[in-house]
Amino acid sequence: MKDIIKKMVEGFGPSGFEDSIRAAIRDEIQPLVDEIRVDAMGNLIALKKGTGHDGKKIMVAAHMDEIGAMVSYVDKKGFVRFTNLGGVVPIFEVGGRMRFENGTIGVIAMEKLEDPKKAPELEKLYVDVGATSRDDCPVNVGDVACFLQPMVELGPCLASKAMDDRVGCAIMIQALRDMKTKPAADIYFVFTTQEEVGLRGATTGAFGINPDVGIAIDVTGTGDTPEPARKMAVSIGAGPAIKIKDSGMVVTPWVKDWMIDVATAQKIPFQLEVLVGGATDAAAIQKSRAGVAAGCISIPCRYIHSPSETVSYADVLNSVKLLVGMLERPVFN
Amino acid sequence: MMLEKLSNAFGPSGCEGDVRRIVISDIKSRVDELTVDHLGNVICRMKATGRGKKPLRIMAAAHLDEVGMIITHADDDGFLHFDKIGGIDDRILPAKGVVIGAGKVPGVIIAKPVHLTSAEERGKVISHDDLVIDIGAANKDAAVKKCAPGDYATFDTRFRRFGRGLVAGKAFDDRVGCAVLIELIKRGPYPFEFCPVFTTMEEVGLRGAKVAAFKVRPDIALVLESTICEDSPKEKDRGSVTAIGKGPALSLADRGLIVNRKLVRFAARRAAALGVPCQFKQPGIGGTDGGAIHKEGEGAPTLPVSVPARYIHSPMAVISLRDFHHTIDLAEDVMRHVTLADIQP
């Protein structure tokens, strides 16, 4: 499934501007689902109908948006200032490039630092698009960009911008392809918007669907690199991480057990995840309306929110297996 | 004028009663429904003119509350200690006049005279925790007879006109939006279902707007605001958030809302068609009730349209009346012309 991962991660869709990636996903899944719609927040909601006799609804969510930038000012010399869409880390971006929606490429640079020992703030950064003045600058205030890095293979790993969370989108698409039996429950495959700015798409998506259970597919941090930011018992290559807790939720126990049972029965390697900083769409789904059972299959990912987010391909394949296994054997409390 | 009355009215977040009464008495005969909900929001409805298919429901929101203070306790010497309500820069507090509570008791936030301060002291910001309000009481008993813990306070500022077409006053954020919304009500009814909402507690976290949007469930929402304007000349070529006199400011994205791009571009095109100047608010700064409204229920495309206001969240803000009138005209025009087909993702 490397093709679909590449297509997803190299697509364009900063938070709030998911049009292009949404169209690409829609093309992939249209023949595989029974109904498809886009809601007011731009969520792509695809229904795979179940046999119908238990009347339950499962919402599976991965977010289409990626962190990015919006032009906030173009100065007299044509240099571009920007604000962040989502959690942009300045030191990851300096020296890299960004691609605007109209195809313009810019180099990300920074002003001199008052204190070179300190990491720069975002307002020290600017983008050089080769313009000489405001008049010949090809981008304007309000135009958006994503960071630019094509997917590469690092041995058994894949590195790219926007693994967070296009790898989740790819897993959902592959799961739709791999599902052979009609599930007992109605399954809503939801490709959400604006996760990186506060789980906004999942909030309205879950309200509209009103599911019995929600499962997010998203990346999580790891503790397997030299001096990691946080110690964490998750490594890439050790299988999908079944979330126990993060800063946005405590996973509904029976949802976690459902994941563990399927993984165990099908001999899919897995690890358990306690994430100290971060949250996923599952947190928004869980708090929707009067409350919804929810959990998350996490893909361990190094260097999250950098242009080279790195995952293990085997973990991705096993995540698809786990998701398909769960949807074919739905459990409701 | 209505803006003057609203600016002078007393209404920190959670204590919007005076402002609410002014608004209700002015609009109640003009709307078909008016309710005050549990959070103090004034939620109105004006039926669509004409018949036919289900009309579009447009919500327009402005917040009643302003930043202010709340009295926490009186000390033995009769001075009142306070906490801030909403975002106020501690640097602007010393030596400002305030009014406190239902009795509008006048007071002054203390300040040490320059004669007695050292250079070091003058270089430091005094935290509001170390400031107190002097109401002229000799001791604790005398103080609590006039002002009790829990009483709210606002800056004691009277609305005024100055310069060419400028006005100054307190609480322009967001009494300016309230005045715009009242005028929009007076220009109705409309061919769509119009739901004007005057919200509470915006300055402490968009609290009123969230529940109001849940109740209204609009198809589209406008947020009428006055927004940050820092257009003084700058050393660095970094632009300004908005500029005074350049027309209503349309938000593209702020800390709580990424505006539906089709809606904001539609509004900019309507401004051009109408011959009204407009500007984009510099993205990434501030937040409005739109942050709550757009993601309530199944979500609704939401656009903040703001009058640029210098020195907001202080005792004295400044707007241009031309910007104010242009904001009313543009908001009306956008509402009259927008359709769901224009803005669907």
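Looking across segment A:245-263, the residues that are outside any loop (DSSP other than H, G, I, E, B) and either farther than 23 Å from A:G201 by Cα or of a type in the set (D, E, K, R) (or both) come down to A:K245, A:P253, A:W254, A:K256, A:D257, A:W258, A:M259, A:I260, A:D261, A:V262, A:A263.
Take the conditions over 23 Å from A:V316 (Cα atoms), in contact with a Leu (Cβ under 7 Å, 6 or more places away or on another chain) and among the small types (G, A, S) and apply them to A:G106. Does it pass? Criteria not met by A:G106.
Restricting to segment B:32-54, and then to whatever is touching a Pro at 6+ places or on another chain (Cβ under 7 Å) and crowded, with 16+ Cβ neighbours inside 10 Å, can you tell me which residue is nearest to B:A341 (Cα to Cα)? It comes out as B:A48. Total residues in segment A:170-199 satisfying the condition of being touching a strand residue (DSSP E or B) at 6+ places or on another chain (Cβ under 8 Å) and charged (D, E, K, R): the figure is 3. Looking across segment A:76-112, the residues that are surrounded by fewer than 17 Cβ atoms within 10 Å (Cβ to Cβ) and either of a type in the set (D, E) or closer than 24 Å to B:V241 by Cα (or both) come down to A:K76, A:K77, A:G87, A:V89, A:P90, A:A109, A:E111, A:K112. Taking the stated definitions as given, is A:I268 buried (at least 23 other Cβ atoms within 10 Å of the Cβ), more than 14 Å from chain B (Cβ to nearest Cβ), in contact with a helix residue (DSSP H, G or I) (Cβ under 8 Å, 6 or more places away or on another chain) and of a type in the set (V, I, T)? Spelling it out, it is not the case that A:I268 is buried (at least 23 other Cβ atoms within 10 Å of the Cβ), more than 14 Å from chain B (Cβ to nearest Cβ), in contact with a helix residue (DSSP H, G or I) (Cβ under 8 Å, 6 or more places away or on another chain) and of a type in the set (V, I, T).
Of the helices (runs of 4 or more DSSP H) contained entirely in segment B:231-344, those carrying at least 2 residues that are within 14 Å of chain A (Cβ to nearest Cβ), modelled with pLDDT of 95 or more and surrounded by fewer than 23 Cβ atoms within 10 Å (Cβ to Cβ) fall at B:261-274. Beta carbons closer than 6 Å, at least 6 apart along the sequence or on distinct chains, pair a first residue in segment A:178-202 that is within 13 Å of another protein chain (Cβ to nearest Cβ) and within 16 Å of A:F17 (Cα to Cα) with a second that is in a strand (DSSP E or B) and of a type outside the set (A, V, I, L, M) for A:T192/A:H63; A:E195/A:H63; A:G201/A:T192; A:A202/A:T192.
Considering (1) more than 24 Å from B:G205 (Cβ to Cβ); (2) surrounded by 15 or more Cβ atoms within 10 Å (Cβ to Cβ); (3) in contact (Cβ under 8 Å) with a residue 24 or more places away in the chain, the lone condition that B:D76 does not fulfil carries the number (2).
All of A:A263, A:A314 fail the test of being of a type in the set (G, A, S), buried (at least 18 other Cβ atoms within 10 Å of the Cβ) and in contact with a Pro (Cβ under 8 Å, 6 or more places away or on another chain), apart from A:A263.
On the stretch given as segment B:138-183, residues that are in contact with a Gly (Cβ under 8 Å, 6 or more places away or on another chain), at negative phi and not charged (D, E, K, R) total 12.
For segment A:217-227, the criterion of being more than 20 Å from A:S312 (Cα to Cα) and not in a loop (DSSP other than H, G, I, E, B) is met by no residue.
Go through segment A:275-327 and count every residue that is farther than 20 Å from A:A175 by Cβ and aromatic (F, W, Y). Number satisfying all stated conditions: 1. Taken over segment A:72-125, residues that are under 24 Å from B:E235 (Cα atoms), in contact (Cβ under 8 Å) with a residue 60 or more places away in the chain and not polar (S, T, N, Q) amount to 3. If you go through segment A:132-151 one residue at a time, how many are under 27 Å from B:A249 (Cα atoms) and of a type in the set (A, V, I, L, M)? Matching residues across segment A:132-151 total 4. Of everything in segment A:205-251 that is touching a residue at least 60 places away in the same chain (Cβ under 8 Å) and of a type in the set (S, T, N, Q), the residue that is nearest to the other protein chains (Cβ to nearest Cβ) is A:N210. Scanning segment B:76-107 for residues that are among the hydrophobic types (A, V, I, L, M, F, W, C), out of contact with any Phe, Trp or Tyr (no Cβ under 8 Å at 6 or more places or on another chain) and not in a loop (DSSP other than H, G, I, E, B) yields B:L80, B:F82, B:I92, B:V105. Applying the criterion of being part of a loop (DSSP other than H, G, I, E, B) and out of contact with any Gly (no Cβ under 8 Å at 6 or more places or on another chain) to the residues of segment A:177-197, the residue that is nearest to A:R302 (Cα to Cα) is A:M179. Name the residues in segment B:206-261 that are closer than 18 Å to B:F172 by Cα, touching a Ser or Thr at 6+ places or on another chain (Cβ under 8 Å) and among the charged types (D, E, K, R), would you? Hits for segment B:206-261 are B:E225, B:E230, B:D231. Tell me yes or no: at least one residue of segment A:8-17 is part of a helix (DSSP H, G or I) and more than 9 Å from chain B (Cβ to nearest Cβ). Scanning segment A:8-17 turns up at least one residue that is part of a helix (DSSP H, G or I) and more than 9 Å from chain B (Cβ to nearest Cβ). Scanning segment A:51-85 for residues being more than 9 Å from chain B (Cβ to nearest Cβ) and under 20 Å from the mean Cα position of the chain (by Cα) gives a total of 12. Note on segment A:35-71: residues that are among the β-branched types (V, I, T) and free of Cβ contacts under 8 Å to residues at least 24 places away in the same chain amount to 2.
A:R22 - would you say it is part of a strand (DSSP E or B) and within 12 Å of another protein chain (Cβ to nearest Cβ)?
It is false that A:R22 is part of a strand (DSSP E or B) and within 12 Å of another protein chain (Cβ to nearest Cβ).
Determine whether segment B:143-152 contains at least one residue that is within 27 Å of B:M2 (Cα to Cα), at pLDDT 95 or above and either within 18 Å of the chain's Cα centre (by Cα) or of a type in the set (D, E, K, R) (or both). Yes: one or more hits. Across segment A:25-46, which residue is nearest to the other protein chains (Cβ to nearest Cβ) among those that are more than 26 Å from A:F147 (Cα to Cα) and not aliphatic (A, V, I, L, M)? My answer is A:D39.
The values are calculated or read from the model by the stated rules, or taken from the named source; none is laboratory data. These numbers were taken from a predicted model, which means no experiment stands behind them. Glycine gets a Cβ as well: all are built from the backbone with ideal geometry, and neighbour counts include every protein chain shown.
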